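Q: Supplied in structure tokens, the structure appears directly below.
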Amino acid sequence: MADRLARAAMRLRWPGTILRERAFSPTRPRGPAMQPRDVLEGWEELKEALSLTQGGAVFFVVADDKGDARMKERLRREGWELVEEEIEVGLDPSSGRPTYRMPEYDALQRRLAGCRGVVLWLRLKGVEAAGHEGLFADRSVTPEASEELARLARQVLQGINLSREPLAELGVPIVFSLTEDGLRSFATWAADMFATRTLIIWGG
């Protein structure tokens, strides 16, 4: 799988492909200083990369909720069809207990069967907790709940990692949209999936 994406990256010849984008480190400080010089910025680059992609490829868009919405809206205006799903780790609004939700693979497979020119857009929320047990440790969340959120976030990311081959078999480009901290957690706890990336794009 990694070899096939590497060959695809060579055909694309993007400076931010997996062949040259080696500067990223999940342990770097947050902020502009951690952004590798070869990482492409902006939705135009994603749009062009998608237009050159045949079959499956893995992209990462680093953006907050507003940046994620802007990126998707611009792609739709350019004629791209997006199949959107959310993968979320957080507190259940009714019980206040840690929980998570993920789309079912079989449902995705049925939804994408025979589709061409479609992008699977997966918005990841709360996975930042995987590397930060204290991230949710405020007055409204107990230390136990914070630890459970961290455990669930790691479990979700490891599940994504183990699903990399079935996801590739969907045969469509996949965009993982997440925050900067989420990207760091993803690189740590879903390292094999992260290694198959074609591009990382900062979307604002």
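Q: Tell me, what is the FRET efficiency for residue 113 and residue 151 to the nearest 0.05, using R0 = 35 angstrom and their Cβ-Cβ distance as r? Write down the numbers at each step before the final one.
A: On the way: r = 34 Å, r/R0 = 0.97.
So the FRET efficiency works out to roughly 0.55.
Q: When N is the residue count of the stretch 42-170, what does its C-alpha Rg come to as a fraction of 2.2 N^0.38 Å?
A: Dividing the Cα Rg of the stretch 42-170 by 2.2 N^0.38 Å gives 1.19.
Q: Grab the Cα-Cα distance for residue 105 and residue 161, subtract it from 0.36 nm times how many residues apart they are, and report the gain in nm with one decimal.
A: Length difference between fully extended and current span is 18.8 nm.
Q: Could I ask something else about it? What is the set of long-range amide H partners of residue 179 at a cut-off below 5 Å, with H atoms built 1.01 Å from backbone N?
A: Amide H to amide H, under 5 Å and 5 or more residues apart or across chains, residue 179 pairs with 63.
Q: Here is a further query. How big, on average over all directions, is the shadow cast by the Cα convex hull of the stretch 147-204, in nm²?
A: 4.3
Q: May I ask you to compute the full-extension gain from residue 195 to residue 142, defined as 0.36 nm times their residue separation minus their alpha-carbon distance, rounded to one decimal in nm?
A: 15.6 nm
Q: Return the distance in nm (one decimal) between the two label points of a simple spin-label model at residue 82 and residue 64, each offset 7 Å from Cα along Cα→Cβ.
A: Going by the 7 Å Cα→Cβ label model, 1.8 nm.
Q: Mind ordering 95-103, 59-67 by average Cβ neighbours within 10 Å, highest first?
A: Numbers: 95-103: 14.6, 59-67: 18.6.
Top to bottom by mean Cβ count within 10 Å: 59-67, 95-103.
Q: Taking θ as phi - 60°, what are the ³J(HN,Hα) couplings along the stretch 57-72 by the Karplus curve (6.51, -1.76, 1.60), each to the nearest whole Hz, with x for Gly and Pro?
A: Each residue's phi maps through the Karplus curve to give 7, 10, 10, 10, 10, 9, 7, 7, 4, 5, x, 4, 5, 5, 4, 5 Hz.
Since every read-out is calculated from the coordinates, none of them should be taken as a lab result. Note that the coordinates shown come from a computational prediction; the quantities given were computed from them, not determined experimentally. We place every Cβ from the backbone using ideal geometry, glycine too, and count neighbours over all the protein chains shown.
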